[in-house]
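Single-structure report; data block below.
The values are calculated or read from the model by the stated rules, or taken from the named source; none is laboratory data. Computed from a predicted model, the values in this text were never measured in an experiment. Using ideal geometry, Cβ is built from the backbone for each residue, glycine included, and neighbour counts are taken over all protein chains shown.
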Amino acid sequence: MTGARPVPSAIDPLPRDVRDQVLQVLDGPVPAPIVQAGHPVLRTVAQPYDGQLSTAELMALVEVMRTTMREAPGVGLAAPQIGISLALAVVEDPGPLDPEIAAARERRPLAFRVLVNPRYEAVGVERAAFYEGCLSVHGWSAVTSRHLRVRLTAADETGSPVDEELTGWQARIVQHETDHLHGRLYVDVAELRSLAATDGMAAVWASEPHPRTAARILGFPLV
């Protein structure tokens, strides 16, 4: 909280129809600017994709999202994060370099893929809690409990159906990006006592395979 007087500014409402939003992004810089928390597009349920774009426009959008995600860098990007209220996300994870962390977090490489109208449901009741960040909440991370296993249903960019079970970090990525399409941010469910700046203590806490030291010192439960 600050005592500064707010400066009025014009807020661009969610633009017109979704194709207009896409064309606006395609006409802009690449990588695309990433929308930050507080923008209404991040709190709006995204429109299902039902052919609003031509094939060329969809492929161009996917390429912009791929470039933006990689340049950030991140392991996933949802369309609302670049100002487009469309149920579309891209994911890709090279995996961690530390084998102990990889084992603890069940983090395996995930090849680039496109998720159209994705949904997930929990498989079983197991959960895992780890530090998690978001390109739209720049500079912060917090411990977030997620389903350990999920069933993902979606389509890819060609319209082919996707129906598979994911576990570990891949399941976490899918949950995070799909939540974006429903107007949810990870901070809505994170342990806020664990919140840490990524240029400070977050690097220390997240260096452990499990965030047990952070939980003990900062005083939050691991679920």
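Numerical summary
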{"quantity": "Hits in the range 211-223 - residues which are surrounded by 14 or more Cβ atoms within 10 Å (Cβ to Cβ) and modelled with pLDDT of 95 or more", "calculated": "Pro211, Ala214, Ala215, Leu218, Phe220"}
{"quantity": "Only listed residue being closer than 17 Å to Glu126 by Cα and touching a helix residue (DSSP H, G or I) at 6+ places or on another chain (Cβ under 7 Å), chosen from Leu148, Leu185", "calculated": "Leu148"}
{"quantity": "Enumeration of residues in the range 60-84 that are surrounded by fewer than 21 Cβ atoms within 10 Å (Cβ to Cβ) and under 14 Å from the mean Cα position of the chain (by Cα)", "calculated": "Arg66, Arg70, Ala72, Pro73"}
{"quantity": "Strands (runs of 3 or more DSSP E) completely within the range 144-223 that count 2 or more residues being hydroxyl-bearing (Ser, Thr, Tyr)", "calculated": "none"}
{"quantity": "In the range 159-192, residue nearest to Val18 (Cα to Cα) [restricted to those that are among the hydroxyl-bearing types (Ser, Thr, Tyr) and buried (at least 17 other Cβ atoms within 10 Å of the Cβ)]", "calculated": "Thr178"}
{"quantity": "Flag if Ser54 is crowded, with 18+ Cβ neighbours inside 10 Å and not acidic (Asp, Glu)", "calculated": "no"}
{"quantity": "Filtered residues of the range 119-138 (kept if out of contact with any Ser or Thr (no Cβ under 6 Å at 6 or more places or on another chain), in contact (Cβ under 8 Å) with a residue 60 or more places away in the chain, over 30 Å from Gly159 (Cα atoms) and surrounded by 13 or more Cβ atoms within 10 Å (Cβ to Cβ))", "calculated": "Phe130, Val137"}
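Results for (1) under 25 Å from Gln36 (Cα atoms); (2) crowded, with 21+ Cβ neighbours inside 10 Å; (3) over 15 Å from the mean Cα position of the chain (by Cα), shown as yes or no for each residue.
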site	(1), (2), (3)
Val91	yes, yes, no
Leu110	no, no, no
Asn117	yes, no, no
Trp140	yes, no, no
Glu157	no, no, yes
